[in-house]
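See structure below.
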Amino acid sequence: MASPEQLTEAEIIARVIQGEKALYEIIVRRFNPYLYKTGRSYNYNHEDTQDLMQETFIDAYKNLQQFEGRSGFKTWIIRIMMNNCYRKKEKAGFKNEVIYDANDNSKPMFTNQNNDTGKVVQTRELGHIIEDALAEIPFDYRIVFSLREINGLSVLETSQLLHISEANVKVRLNRAKTMLRNEIEKTYSSAELFEFNLVYCDAIVENVMKEINKL
């Protein structure tokens, strides 16, 4: 029999819905990094991002029965996080600028034989440089870069989340990489990109499970 950590999202969700609330901790731990990177891509600080993550995990828990599996669970929960990030900005009176680019010449910014761009991006040499650079580029490009290069979503998944064409995803990703290259030349650092270490992860898990057990 598989250990809880080896269960698929579908198996965990089915058992949580049947009453095994404690298994939801696996979901929280498994998707903490993705939600953190998404929140930071909206230029929220660490504390606001944590609040949004907690809200997202609780929203996802309340709506688990609505998850139909037509898209991956990662895509589904990132969509909830993005909606919460957007609503927070709207409440604060922020408006996201919309920029379009007609040039489609998508090229990999990072090369890796295993095609695991997340691990390449999160090297100590590039981490903080890219974090700072991402904060400087327009949101429409920043979020595409985050979803594709950092969170590892496919072109199709990204297009569905952002409600844009696959071609536009490629255009924006290529433009984001060009902007980032320009920014990266300006600064150097050794910190991890959007690092979300175990201390913070444990705090989120504790807070989310405490709220879920009240439901």
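The values are calculated or read from the model by the stated rules, or taken from the named source; none is laboratory data. This structure is a prediction, so every number in the text was calculated from the model and none was measured. Neighbour counts run over all protein chains shown; Cβ positions are idealised from the backbone, glycine included.
List of remarks:
- Count of residues meeting criterion [within 14 Å of GLU157 (Cα to Cα) and either touching a residue at least 24 places away in the same chain (Cβ under 8 Å) or not assigned by TED's automatic domain parsing to the domain that holds ILE17 (or both)] in the stretch 65-79: 9
- Selection status of PRO138, surrounded by 12 or more Cβ atoms within 10 Å (Cβ to Cβ) and modelled with pLDDT under 90: no
- Members of the stretch 65-78 found to be closer than 25 Å to ASN213 by Cβ and surrounded by fewer than 18 Cβ atoms within 10 Å (Cβ to Cβ), listed by number: GLN65, GLN66, PHE67, LYS74
- Number of positions in the stretch 27-44 that are buried (at least 20 other Cβ atoms within 10 Å of the Cβ) and assigned to a helix (DSSP H, G or I): 12
- LYS62 meets the conditions (1) at pLDDT below 90; (2) surrounded by fewer than 12 Cβ atoms within 10 Å (Cβ to Cβ) in every case but one. The failed one is (1).
- The condition of being at pLDDT below 90, surrounded by fewer than 20 Cβ atoms within 10 Å (Cβ to Cβ) and either within 20 Å of the chain's Cα centre (by Cα) or under 25 Å from ILE77 (Cβ atoms) (or both) holds for only one of VAL155, VAL120, that being VAL120.
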